[in-house]
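A quick write-up on the structure given underneath.
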Amino acid sequence: MMHNYDEPVYLISIVSKILDIHPQTLRQYERENLICPSRSNGRIRLYSQRDIDKIKLILRLTRELGVNLAGVDIILRLKDNVDSMEKEIAELRHEVQLAKNAHSVAPDKALVTKKSIYEMIIFEE
């Protein structure tokens, strides 16, 4: 049976076995707000595959790169910001493509495009 990537299905004991870490480590990550597993009605922690992948990233940062948990928190926040900006850029590129395909731009907007995604500018009057 396949589960959705974000579906909380794994108990803390299963996650600790999968990742070969102590359950207290997972509780510590939660106290530090690095992860936020779902809870069942009985308050049992349930982890999704997304949570497991995030924990793998945390373990890589701490074990392989020697980053402390405060540094991990900063890295995860920056990663979230970059992901958000990349999504916004993709949406803007889509809007630009739609405008190019329609061969028109709304009268209240000016459109300037260049080859680099970082040089795209949309002005609103």
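The values are calculated or read from the model by the stated rules, or taken from the named source; none is laboratory data. Just so it is clear, the model here is predicted, and its values are computed rather than measured. As a convention, Cβ positions derive from the backbone with ideal geometry for all residues, glycine included, and neighbour counts pool all protein chains shown.
Scanning region 47-73 for residues that are in contact (Cβ under 8 Å) with a residue 12 or more places away in the chain and of a type in the set (Asp, Glu) yields ASP51, ASP73. For region 1-46, filtered to residues that are among the hydroxyl-bearing types (Ser, Thr, Tyr), touching a residue at least 24 places away in the same chain (Cβ under 8 Å) and buried (at least 16 other Cβ atoms within 10 Å of the Cβ), the residue that is nearest to ARG63 (Cα to Cα) is TYR29. Cβ separations smaller than 9 Å between residues 6+ apart or across chains give the following pairs from region 89-103 residues that are surrounded by 14 or more Cβ atoms within 10 Å (Cβ to Cβ) and at pLDDT 80 or above to residues that are among the hydrophobic types (A, V, I, L, M, F, W, C) and part of a helix (DSSP H, G or I): LEU92/ILE117.
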